[in-house]
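Values in this text are rule-based calculations from the coordinates and carry no lab data. All of these numbers come straight from a predicted model, not from anything done at the bench. Neighbour counts run over all protein chains shown; Cβ positions are idealised from the backbone, glycine included.
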Amino acid sequence: MTGPSPTIFVIFGAGGDLTKRKLIPALYDLFLDQKLPQHFSILGLDHQGWTQDDFNKHLKENINEFSHQRKSNGKESWRSFSIFLKYLNLDFLKAESYTRLQVELKNSPKYIFYLATAPFLVENIINHLGEANLFLNKESRVVIEKPFGKDLESSSKLNETLTRLLDESQIYRIDHYLGKETVQNILALRFANSLFEPLWNRNYIDNVQITVAEEIGVENRGNYYDKSGALRDMVENHLLQLLCLIAMEPPIEFIKNEFQNKMIDVLHSIRPIAKDQVSKIAVRGQYIGYREEPRIDPNSKTETFVALKLYVDNWRWQDVPFYLRAGKKLPKQVAEISLQFRSVPHQTFPGKTHEMSVPNNLIIRIQPEESIILRFQVKRPGTHFKLQPVDMRFCYNEFFPGKFPSAYETLLLDIINGDGMLFIRSDRETAAWSILTVILDEWEKKTPSDFPNYPAGSWGPKASDDLIERDGRKWLLTSTSLEEQSACPLSQ
């Protein structure tokens with residue numbers, strides 16, 4: 001195998017959902033593709049009380065479900081991979097656990113600590129690792145999953161702890177959206193094609209809509225989700241990352257700090273939200289039945305849906321609204337960005353033809369089918385002049401058949417290789433929380449009287465439609481027949 005120096009990949013929370021669904025399948029696929037270092041091992045830490053055989057069996061069962069290469073691998077492939085697995089039962093809250101860990105790692109030149117744990121454990125684990133002198137090796141790295149704090153104050157406190165013990169280059173705040181092929185291709189679409197970039201501004205674009213919808217509810221994440229909600233869980237990270245990629249200026253070079261700086265410039269340009277404006281630009285909802293979910297407070301005020309209207313106050317985007325929405329128990333699983341272009345300035349065609357016209361749209365679909373769709377007008381065949389919107393589409397699975405790496409494969413390999421470009425810098429995290437904390441504070445003061453306020457399977461509360469319709473616009477409905485006809489085949 002190829003790659004960097006010998007590495008131990010240490011997973012805190014190795015018995016959890018993230019490890020079985022994402023981390024181990026991604027590492028397994030990288031192993032099969034021979035992209036891991038020649039000397040590489042995985043140390044799983046948890047308090048499950050498992051034996052080594054229990055741990056291996058648990059992971060093997062889930063590999064068959066979540067590995068991209070499950071159809072092509074067999075017993076021999078798993079046996080070769082499982083040699084690199086080791087499991088330790090540890091209590092993350094006890095100092096003596098880190099003494100054991102220190103002994104386990106003493107001969108390793110480099111280790112990566114992946115914190116796949118509940119958010120409240122993160123700062124405790126970081127402090128214990130520091131006290132055990134496990135950060136003295138400058139090759140060591142720490143990976144932290146979202147949410148990074150719960151507001152500006154807690155995020156700043158966590159950053160202070162991290163930077164006291166580690167250099168910023170050793171800290172990897174991960175958002176798996178930045179590892180998705182279609183998300184990264186936003187950069188290629190914009191900056192490698194002269195067709196789009198001249199139109200990518202307020203002179204041609206009327207509004208931008210970003211939707212991340214989930215069909216599922218909270219499932220087995222009730223204990224975490226009820227303390228978080230949609231604004232913290234989705235908007236602070238995923239949706240703001242997508243907004244930055246759409247709105248950023250061209251980087252001079254495609255390198256870490258240049259890319260990060262351009263993303264942060266966008267966050268700093270977002271129009272500050274006044275307290276008395278929160279109710280006008282932010283909508284929250286809770287689906288009917290949420291309070292009956294496992295481990296949910298029966299009187300919960302946690303939002304499972306959020307919609308926002310934001311403005312980026314700079315030369316490129318002045319007065320162009322960015323509409324964001326995310327929620328659970330919506331009609332379908334979809335993540336997409338729609339750039340709606342301004343309508344034509346002159347009604348060239350006669351009669352009711354203009355009434356049938358719809359604005360041009362560029363739709364970047366991230367999931368479930370990864371695609372880019374350009375929607376424009378044509379004349380329908382016939383003796384009368386009638387317009388109809390049609391789609392020109394690019395589908396990843398059609399043009400690039402076969403497997404391409406999952407988001408976690410891409411990002412885990414970047415971590416191993418020390419490439420931090422697609423990870424979140426501390427000042428970017430601070431800027432994101434600075435935008436949203438005023439909303440969280442106002443929502444904390446005012447208890448919603450209408451919760452729950454939308455039925456499962458709908459597109460959220462009526463106030464979400466009102467938010468955009470007050471501006472004379474509508475949400476791009478992702479379930480229209482035209483779009484269904486333009487759907488790409490799902491990857492196998």
Exercise. Considering the alpha-carbon set of the range 343-463 alone, what are its Rg and its Dmax in angstrom?
Worked result: 23.0, 63
Seminar exercise, completed: Treating only Lys and Arg (+1) and Asp and Glu (-1) as charged, each at its beta carbon, one finds that the chain has a dipole about its Cα centre, in Debye to the nearest 20, of 760
Exercise. Looking only at Cα atoms, what is the convex hull volume of the range 306-346 per residue, in Å³?
Worked result: 107
Seminar exercise, completed: Here the cysteines of the chain without any disulfide-compatible Cβ partner under 4.7 Å are 244
Problem set entry | Positive-end extreme of charge dipole, the chain - chosen from 7, 161, 277 (charges on Cβ) | 277
For this session: Would you mind calculating the relative contact order of the range 101-210 from Cα pairs under 8 angstrom and at least 6 residues apart, reporting the percent as a whole number?
Result: 23
Exercise. When Lys and Arg each count +1 and Asp and Glu each count -1, what net charge do the other residues less than 13 Å away from residue 281, Cβ to Cβ, add up to?
Worked result: +3
For this session: Could you order peptides 111-117, 300-306 by the average number of other Cβ atoms within 10 Å of their residues, highest first?
Result: 300-306, 111-117
Exercise. With the contact rule set at Cα under 8 Å and sequence spacing of 6 or more, what percent relative contact order holds for the chain?
Worked result: 17
Problem set entry | Rel. contact order, % - alpha carbon contacts under 8 angstrom, at least six apart, the range 7-145 | 33
Seminar exercise, completed: In debye to the nearest 20, the charge dipole size for the range 103-249, taken about the Cα centre with +1 at each Lys and Arg Cβ and -1 at each Asp and Glu Cβ, equals 320
Exercise. Based on Cα positions only, what radius of gyration and what Dmax would you give for the range 239-304, in angstroms?
Worked result: 18.3, 52
Problem set entry | When each of 75/180; 94/301; 146/446; 180/386; 157/309 is checked by Cα-Cα distance, pairs over 32 Å | 94/301; 180/386
Exercise. So which helices of the chain fit the span-like rule, where a helix is a whole DSSP H run, its Cα atoms reach 18 Å or more along the axis, and its mean Kyte-Doolittle is at least -1.0?
Worked result: 152-165, 256-269, 426-445
Problem set entry | Amide H contacts of residue 140 (H built 1.01 Å from N, under 5 Å, at least 5 apart or other chain) | 111
Exercise. For the charge dipole of the chain, defined by +1 on Lys and Arg C-beta atoms and -1 on Asp and Glu C-beta atoms about the Cα centroid, which residue among 267, 24, 455 has the Cα displaced farthest towards the positive pole?
Worked result: 455
Exercise. For residue 392 and residue 167 in one chain, what is 0.36 nm times their gap in residues minus the Cα-Cα distance, to one decimal in nm?
Worked result: 76.3 nm
Problem set entry | Residue (of 345, 331, 314) at the positive-pole extreme of the range 252-351, dipole from beta-carbon charges | 331
For this session: Given a cut-off of 23 Å, name the pairs among 227/474; 328/462; 227/329 whose C-alpha atoms lie farther apart than that in the structure shown.
Result: 227/474
Exercise. Alpha carbon centre of the range 368-413 versus the range 189-262: separation in Å?
Worked result: 19
Seminar exercise, completed: the range 4-22 and the range 26-55 have their Cα centres apart by a whole-number Å value of 6
For this session: Mind putting a number on the dipole of the range 354-453 about its Cα centre? Charges go on the C-beta only, +1 for Lys and Arg and -1 for Asp and Glu, and I need it in Debye to the nearest 20.
Result: 660
Seminar exercise, completed: Around residue 269 (Cβ within 12 Å, Cβ-to-Cβ, excluding residue 269; K/R +1, D/E -1) the net charge comes to 0
For this session: Could you work out, for the chain, what percent of all Cα-Cα pairs fall into each 10 Å distance bin, beginning at 0 Å and stopping at the bin that holds the largest distance?
Result: 4, 18, 28, 27, 16, 6, 2, 0, 0
Problem set entry | q = 0.09 Å⁻¹: log10 I(q)/I(0) that the Debye formula gives for the range 7-145, counting C-alpha atoms only | -0.26
Seminar exercise, completed: Burial-style ranking of 40-46, 289-295, 234-240, average other-beta-carbon count within 10 Å with highest first, yields 234-240, 40-46, 289-295
